[in-house]
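For reference, the structure is listed below as structure tokens.
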Amino acid sequence: MTKNSARNPSVVVIGAGMTGILMAIKLREAGISDVTVLEKADKVGGTWRENTYPGVACDIPAHMYTYSFKGNPEWQHRFAHGDEIQAYFEKISADYGVEEQVRFNESVDACHYRGGKWYLSTSRGNELVADFVIAATGILHHPAYPDIQGLDSFQGAMFHTARWDHNVDLAGKRVGIIGTGSTAAQVISEISKTAGSLTIFQRTPQWILNTPDKDYSEREKARLRGNQGRMDKLRQRYAWLIRNTFTEAVSSGGWRHALLSWQVKRNLRKSVRDPELRAKLTPDYKVGCKRLIVSSTFYEAVQRPNVQLETAGIERICEQGVVTGDGALHDLDVLVLATGFHPFNFMRPMDLTGRDGLSIDQAWSRKVQAYRSVCVPGFPNFFLMLGPNSPVGNYSVIAMSEVQGNYVLKLIEQWRNNRLQAVEATEQAKVRFNDYMKQGMGSTAWVGGCQSWYLDADGEPALWPYSWNQWTKEMAEPDLADFHRGTPAEIVPSEPAEKAA
Ligand code: N01
């Protein structure tokens, strides 16, 4: 990447979570100095700032869940706890001077493309103009509240896991939790230790992989301090292991999937002896169809004497608690909603319009799609990080963002050197890419007969269906034939036809 390129772009990065921090660092390393990061909250950290529920941790090994350029010798656990991860991101953004580029407590209300530039309006009434916008807005940050009759009538304390109310003491209380996803598994393992009673409202059982945690000793940490090479090896070893076991198993099946299936079924058989409870906890879909839960504590928690697994289905919620399909009323003091997120909202509700006044809602009215996850036709010089078909699936999102970040920088470099007048993928390229995605889905576990946040409104998985290696290979260099090559006049209209104000 040349640092003396002809054009020095102005770039606005939206969001100072893991990806926003990464992009601020990468842009500066590429010699791009005019970078502003807009962050809606008062701190960096994104999902790790927002999720503070009891038991919050990362189920990807900590030494793999780091930026490749800066390992962390201080991880205390194999599966780092939320506060450790938040501290890691805060330290990185302080050490790399990212914080100085961030405007905190300022969210983007509107973002419009006009005459080759992006015009942004913020919640503080400020206007910015930029050549490029990078939406590092994350995937899972719009809490999904369940559509259950009477939800708001509950008189006790009630909150979503991503909005945990730490003023509510659960000790000795009658607590209910709706959901049994990755978040719920972590919450249940923790709060079952102190709640007076805990009722788990399970709609669908989950497959659980038992991967024990471990604490890192002072000696282990000392060996890593100041030794990035050793930390690199550790990260690569974990990444290799996860790619060649889990990632391959869910995307291409075969013996790896058979092995994974055997492991999780054995875990259930060995961990839960009561046949009635085991039957309730046994899924009827393919292993890996929903995001696999990694936990060595969930089954133990479910079998605590104060815990009850309720599978009758929720009929409604009333002032006192939850009424299930069998007519039983479950009296509760606290109701926790571990009901997940809206993953397809991405940067919305921001008012975003691209070329010719095309709004993002119009662009996605039929389906949320992108070209190579990051480019949306009609939105020149705009990149959506971790967009649809990013290869999520029990893998490190940091690694995904790094690959996408390099790809985006290569595209910006084309603009800097005047080889692309504006970076915009063609509609045909997007269609081709999405056909290619569809072709690969048949052999994945995600179409294995379950409902999950991986599936879009048409029931099609919005993940990368091939191998990780295939993805990194295809993302290594942009194929310029897939981008508009016209002169600015041809692809940059002077004014949008209709501007959504
Ligand atoms: O959300 P989910 P999550 N009535 O959507 C249930 C990441 N993550 O927050 O399965 C009753 O998986 C729903 O039931 P069902 C990770 O990528 C990572 O747990 O749809 N139940 C399900 O049980 C993960 O995949 C870490 O039938 C209702 C649950 O709520 C993603 O976040 C840790 C319902 C939602 O599960 C999301 O996980 C935690 C209703 N009306 C999370 N509506 C790491 O460690 C929903 N449910 C990296």
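A few notes on this one:
To keep it simple, each residue is scored yes or no on (1) surrounded by fewer than 18 Cβ atoms within 10 Å (Cβ to Cβ); (2) without any contact (Cβ under 8 Å) to a residue 24 or more places away in the chain.
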{"position": "GLN404", "(1), (2)": "no, no"}
{"position": "LYS410", "(1), (2)": "yes, no"}
{"position": "ARG416", "(1), (2)": "no, no"}
{"position": "LEU420", "(1), (2)": "no, no"}
{"position": "VAL423", "(1), (2)": "no, no"}
{"position": "LYS430", "(1), (2)": "no, no"}
{"position": "ASP435", "(1), (2)": "yes, yes"}
{"position": "MET441", "(1), (2)": "yes, no"}
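- When the strands (runs of 3 or more DSSP E) confined to segment 95-181 are screened for residues that are more than 30 Å from ILE293 (Cα to Cα), those reaching at least 2 such residues are found at 108-114, 117-122, 127-130, 132-135.
- Unique residue being within 15 Å of the ligand (Cβ to nearest atom), touching a helix residue (DSSP H, G or I) at 6+ places or on another chain (Cβ under 9 Å) and open to solvent by 50 Å² or more (accessible area, probe 1.4 Å) when the list is ARG278, ARG230, ARG203, ARG291: ARG291
- Hey, GLN362 surrounded by fewer than 18 Cβ atoms within 10 Å (Cβ to Cβ), touching a Ser or Thr at 6+ places or on another chain (Cβ under 9 Å) and either at pLDDT 95 or above or polar (S, T, N, Q) (or both) or not: yes
- Residue selected from segment 328-354 under the condition closer than 22 Å to ASP152 by Cβ and among the small types (Gly, Ala, Ser), by the criterion nearest to the ligand (Cβ to nearest atom): GLY340
- Selection from segment 169-181 of residues that are more than 16 Å from the ligand (Cβ to nearest atom), crowded, with 19+ Cβ neighbours inside 10 Å and within 14 Å of TYR53 (Cα to Cα): LEU170
- Residue list for segment 295-337, restricted to those being closer than 30 Å to ALA136 by Cβ and either assigned by TED's automatic domain parsing to the domain that holds VAL374 or assigned to a strand (DSSP E or B) (or both): VAL336, LEU337
- Segment 248-292: number of residues that are within 20 Å of SER443 (Cβ to Cβ) and in a helix (DSSP H, G or I): 15
- If you go through segment 206-227 and pick out every residue that is farther than 26 Å from TYR299 by Cα and open to solvent by less than 40 Å² (accessible area, probe 1.4 Å), you end up with 2.
- Unmet requirement for GLY448, which otherwise passes all of (1) more than 16 Å from the ligand (Cβ to nearest atom); (2) open to solvent by 10 Å² or more (accessible area, probe 1.4 Å): (1)
- Taken over segment 182-200, the criterion of being within 12 Å of the ligand (Cβ to nearest atom) and in a loop (DSSP other than H, G, I, E, B) is satisfied by no residue.
- Unique match (being modelled with pLDDT of 95 or more and open to solvent by less than 10 Å² (accessible area, probe 1.4 Å)) among ALA94, ALA130: ALA130
- Among residues of segment 25-60 being in a loop (DSSP other than H, G, I, E, B) and acidic (Asp, Glu), the one that is most open to solvent (accessible area, probe 1.4 Å) is ASP42.
- Checked against (1) open to solvent by 40 Å² or more (accessible area, probe 1.4 Å); (2) within 30 Å of ASP34 (Cβ to Cβ); (3) of a type outside the set (Lys, Arg), HIS141 meets all criteria but (1).
- Verdict on ALA136 being surrounded by 18 or more Cβ atoms within 10 Å (Cβ to Cβ) and more than 10 Å from the ligand (Cβ to nearest atom): yes
- Restricting the first member to segment 53-79 and to residues that are within 20 Å of SER182 (Cα to Cα), and the second to residues that are within 9 Å of the ligand (Cβ to nearest atom) and of a type in the set (Phe, Trp, Tyr), the beta-carbon pairs closer than 7 Å and six or more apart or on different chains are ALA57/PHE79; CYS58/TYR65; CYS58/PHE79; ASP59/PHE79; PRO61/PHE79; ALA62/PHE79.
- Residues that are in contact (Cβ under 8 Å) with a residue 12 or more places away in the chain and either of a type outside the set (Ser, Thr, Tyr) or closer than 22 Å to THR204 by Cα (or both) within segment 238-250 comprise ALA239, ILE242, ARG243, ASN244, PHE246, GLU248, ALA249, VAL250, listed in sequence order.
- For segment 73-87, the set of residues classified as buried (at least 21 other Cβ atoms within 10 Å of the Cβ) and either over 18 Å from the mean Cα position of the chain (by Cα) or farther than 16 Å from TYR238 by Cβ (or both) consists of TRP75, GLY82, GLN86, listed by residue number.
The values are calculated or read from the model by the stated rules, or taken from the named source; none is laboratory data. Remember, it's a predicted structure, so these values are computed and weren't measured experimentally. Glycine gets a Cβ as well: all are built from the backbone with ideal geometry, and neighbour counts include every protein chain shown. Accessible surface areas use protein heavy atoms only, side chains included; no ligands, DNA or RNA. Shrake-Rupley method; radii C 1.70, N 1.55, O 1.52, S 1.80 Å.
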